[in-house]
Amino acid sequence: MPQLPSIEPAEQAAMPGPGRATLQHHWQRQDAVPQAALPHGQLLLPCFVTLQKAGQLRGCIGCLEARMPLADAIAYFSLAAAFSDPRFPPLSQQELPQIRIHLALLGSLSPLPAHSRSALLAALKPGQDGLKLQDAHHQATFLPSVWAQLPEPGDFVDQLLRKGGWSQHWPGQLQAWRYPSLSFGED
């Protein structure tokens, strides 16, 4: 996984463009979505697209491993966040003007100790780390931006365990990774 690139503010402002264009064209039933050149658009970089409406989550989907160029991933995950996030009904055309697209570009995964809750909590950098947890049956992640809603490390980990479907007991064979992200989006 490549390191996070340096992206200037003007470039950051252009990055949600493929997502916005894809969502606008969804209801027009056109085969091709016109795409302008996107800074860093050909990078293979994992990302998440978050849709917000009135400052509230309206959909979020992405990947921890890059599978396509960034411009394509932004378009793809914008549609997925709008229509495939199981937590929300499909986005309506009337909602689109109220939607703000936010991106999280992810850096490399680094392993963390996860043999106990206390070891994981001691290794986490609150407000900074994204966290991926996985065992043989479950997987879940929280982007670094989730720290804004869950600033206490214990709450952050507990909610991620709940999200992943783990019971109240510390999961055996749990693996953990941290990752940085570069986050920005539409105002």
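The values are calculated or read from the model by the stated rules, or taken from the named source; none is laboratory data. This structure is a prediction, so every number in the text was calculated from the model and none was measured. Please note: Cβ atoms are built from the backbone with ideal geometry, for glycine as well, and neighbour counts cover all protein chains shown.
Regarding region 67-79, can at least one residue be identified that is in a loop (DSSP other than H, G, I, E, B) and in the same structural domain as Ala21 (by TED's automatic domain parsing)?
There is at least one residue in region 67-79 that is in a loop (DSSP other than H, G, I, E, B) and in the same structural domain as Ala21 (by TED's automatic domain parsing).
Is there a residue being touching a strand residue (DSSP E or B) at 6+ places or on another chain (Cβ under 6 Å), at pLDDT 95 or above, more than 20 Å from Pro180 (Cα to Cα) and part of a loop (DSSP other than H, G, I, E, B) anywhere in region 91-104?
No, every residue in region 91-104 fails to be touching a strand residue (DSSP E or B) at 6+ places or on another chain (Cβ under 6 Å), at pLDDT 95 or above, more than 20 Å from Pro180 (Cα to Cα) and part of a loop (DSSP other than H, G, I, E, B).
Could you pull out the residue among Phe156, Phe184 that is in contact with a Pro (Cβ under 9 Å, 6 or more places away or on another chain) and more than 25 Å from Ala14 (Cβ to Cβ)?
Going through Phe156, Phe184 in turn, the sole match is Phe156.
Can you name every residue in region 130-145 that is modelled with pLDDT of 95 or more and touching a Phe, Trp or Tyr at 6+ places or on another chain (Cβ under 7 Å)?
Gly130, Leu131, Lys132, Phe142, Leu143
Being touching a Pro at 6+ places or on another chain (Cβ under 9 Å) and not in a helix (DSSP H, G or I) is the filter here; which residues of region 80-90 pass it?
Ser84
Residues checked against (1) aliphatic (A, V, I, L, M); (2) over 19 Å from Ile61 (Cα atoms); (3) more than 20 Å from the chain's Cα centre (by Cα):
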residue	(1), (2), (3)
Ala122	yes, yes, yes
Asp129	no, no, no
Gln134	no, no, no
Thr141	no, no, no
Val146	yes, no, no
Asp158	no, yes, no
Arg162	no, no, no
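Filter region 18-62 for residues that are in contact with a Ser or Thr (Cβ under 6 Å, 6 or more places away or on another chain) and either among the hydrophobic types (A, V, I, L, M, F, W, C) or more than 29 Å from Lys132 (Cβ to Cβ) (or both); which is modelled with the lowest pLDDT? Steps first, please.
Residues of region 18-62 that are in contact with a Ser or Thr (Cβ under 6 Å, 6 or more places away or on another chain), as a first pass: 19, 22-23, 33, 49, 60.
Those still in the list that are either among the hydrophobic types (A, V, I, L, M, F, W, C) or more than 29 Å from Lys132 (Cβ to Cβ) (or both) too: 23, 33, 49, 60.
On the way: Leu23: 93, Val33: 61, Val49: 97, Cys60: 96.
Only one residue tops the list, namely Val33.
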